[in-house]
Amino acid sequence: MVHDRGGKSDIGKSLDRGSRESKHHAVRKEGNIMLIAERNVVTTHPTNSIKNVAKLMEENDFRRIPVINAGTERLEGMIVAIDILDFLGGGEKYNIIKRDYGGNFLAAINCPIQKIMEERYPFLDNKASIDDVVGIMVKKRASAIPIIDRENEEKVIAIVTERDVLPIADKFGVSVRDVMEKRCITSSLGMMISDVSKIMVRNRLRRIPVIQEDKLKGIVTVFDVLRFLGYGEFHGIEAEDVLSERVEEIMERNVVAINPDEDLAVVSKLIKETNLGGFPVVEEDRLLGIITTTDIIEGIYGRS
């Protein structure tokens, strides 16, 4: 069932373990980033297993978790849900299972997260401003930015997500149609979950609308696929075998859809209310595109 809501400074540095020294040249201006940053940061260590980190994501409903050094608590990288999906059969990281574990899937999910984490990832220090974060999110399309304290051994002390900087107003004067992604990649009801997983990984997509004859029937997300696999339980020996099920078996059918003529302020408030990161854009039951938190941030801040 589809619910239609409404009627008519490259300032960030990338983490480079091979050259820690380059980090110290980041802009060090006093800012207000800590006013909106989440200080209670859920982190993990490079030696923690993929299985355990997947469970950690499920328990906290996080797509991204900073990876820190167990001894110094310095930032080592970031683990992203889409990378776990990549490892489970969606992309190139699946080769790790074949190469390092002889195709033994159950052994591979206990391998350390450092095998698949992103070592080069944008970050800022606690001297940064909110504008610095927005700049990175818009230019690098990063949905969460770790914050470190350079004066305290560069420990991770906070994190800022897209929702923390999401603009809220009664009206922005910008329509959904103006900023939505019109070239929307979709799935059919009969497509295998393995195929949708590969599409997500290759295009770095968090969600894909499911359609039938151009009409929206549901939506499937990265979390839907990982939940289907059982997160840390991971049923079956081969992910490809498990992912041979049809998308309609796991998709969300009770979808909140947006009218293309709505002001972006409506979508921004809806994200806050539902805790969802994106919505299909529908007109007369026909899918026109998709609108996400990233699109709103780029649409509003990019115009200022």
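No value in this document is a laboratory result; all are computed from the given coordinates. Being a predicted model, the structure only gives us computed values, none of them experimental. Neighbour counts run over all protein chains shown; Cβ positions are idealised from the backbone, glycine included.
Note on V138 and K269: the extension gain reaches 45.2 nm, defined as 0.36 nm multiplied by sequence separation minus the Cα-Cα distance. For semi-axes √(5λ) of the Cα gyration tensor in Å, computed directly from the structure shown, the correct entry in (1) 27, 23, 19; (2) 31, 29, 14; (3) 34, 24, 20 is (2).
Looking at the stretch 61-119, none of the chymotrypsin sites (Phe, Trp or Tyr not before Pro) sits in a DSSP loop with at most 12 other Cβ atoms within 10 Å of its own Cβ. Taking 0.36 nm per residue of separation and subtracting the current Cα-Cα distance, fully stretching the chain between E58 and E153 would add 31.2 nm. Ignoring aspartates and glutamates fewer than eight residues from K115 along the same chain, the ones with Cα atoms less than 16 angstrom from its Cα are D16, E76, D83, D86, E92, D100. Estimated from helical segments only, the mean residue ellipticity of the chain at 222 nm is -7500 deg cm²/dmol, where each DSSP H run of four or more residues counts as -39500 (n - 2.57). Taking a point 7 Å from the Cα of Y301 along the Cα-to-Cβ direction, the residues of the stretch 189-224 with backbone N closer than 20 Å to it are 205-206.
Dipole size of the stretch 176-301 about its Cα centre, with +1 on Lys/Arg Cβ and -1 on Asp/Glu Cβ: approximately 260 debye, rounded to the nearest 20. Taking 0.36 nm per residue of separation and subtracting the Cα-Cα distance, full extension of the segment from I96 to F228 would add 45.3 nm. Pairs of lysines in the stretch 150-304 whose Cα atoms sit within less than 25 Å of one another amount to 12, provided the residues are eight or more positions apart or on different chains.
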